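The values are calculated or read from the model by the stated rules, or taken from the named source; none is laboratory data. Computed from a prediction, not measured in an experiment: that's the story for all the values here. So basically every Cβ, Gly included, is an ideal-geometry build from the backbone, and we count neighbours across all protein chains shown.
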Amino acid sequence: MSDIYFERSVVLLVEHNSKHNTMGFVLNKMMIEKLNDFFPEMKDFNDIPLFRGGPVGSNRLYFIHTLGDTIPGAYEILDGLYFGGDFDIIKSYIISGNPVKGRIKFFLGYSGWEQQQLEEEIAQHSWLVGKTEQAKIMESEGEIFWKKTLQNLGGPYKSWANFPRRPFLN
């Protein structure tokens with residue numbers, strides 16, 4: 001896809017409900033802004049990365065984490081990986097000096113698809129579907145994550161990882 005949000009993106013689907021609406025987050029599009037920029041009480045902490053989760057609700061903060069049910073309101077989306085919960089508890093966790101890297105990933109906005117939209121895009125080969133591990137989701141970021149994800153899919157996709165972003169410029 002050549003869309004700014006989805007070009008060379010790895011998307012984690014966090015919900016696919018009975019109405020077939022789907023929600024996910026782009027995992028590898030780090031923003032220049034940091035979470036610390038938005039919360040004065042965190043300004044003196046190490047930079048906490050913020051990712052562009054998608055084009056929907058881009059003025060709203062979302063997060064995934066490995067903190068489990070210690071965060072009220074969180075729900076498990078993958079073995080050991082949770083979505084949402086009480087943000088005040090997350091802030092207290094951070095301010096208390098607990099680690100963020102590998103445990104919490106923050107997003108502005110999300111990626112959303114209406115009924116049957118994602119299924120149609122997959123049928124049109126706009127998306128490759130695969131599985132990954134919780135550790136890779138939480139640790140990886142940027143273009144390298146996209147490349148490693150393609151390489152892990154194997155077969156013809158492995159070579160796509162080395163394909164130039166703008167081949168017509170060569």
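Per the listing 33, 41, the residue uniquely in a strand (DSSP E or B), surrounded by fewer than 17 Cβ atoms within 10 Å (Cβ to Cβ) and acidic (Asp, Glu) is 33.
Of the residues making up region 144-170, those that are assigned to a helix (DSSP H, G or I) and modelled with pLDDT of 75 or more are 144, 145, 146, 147, 148, 149, 150, 151, 152, 153.
If I filter region 143-152 for residues that are exposed (fewer than 14 other Cβ atoms within 10 Å of the Cβ), of a type outside the set (A, V, I, L, M, F, W, C) and within 16 Å of residue 29 (Cα to Cα), do I get at least one hit? Within region 143-152, one or more residues are exposed (fewer than 14 other Cβ atoms within 10 Å of the Cβ), of a type outside the set (A, V, I, L, M, F, W, C) and within 16 Å of residue 29 (Cα to Cα).
Taking each residue of region 101-117 that is under 14 Å from residue 30 (Cα atoms) and looking for partners that are of a type in the set (Ser, Thr, Tyr) with beta-carbon atoms closer than 6 Å, six or more apart or interchain, yields 107/62; 108/58; 109/58; 110/62. The residues in region 33-64 that are touching a helix residue (DSSP H, G or I) at 6+ places or on another chain (Cβ under 9 Å) and farther than 22 Å from residue 5 by Cα can be counted, and the count is 9. If you filter region 1-30 down to residues that are of a type outside the set (Gly, Ala, Ser) and loosely packed, with under 13 Cβ neighbours inside 10 Å, you find that the one that is modelled with the highest pLDDT is 7.
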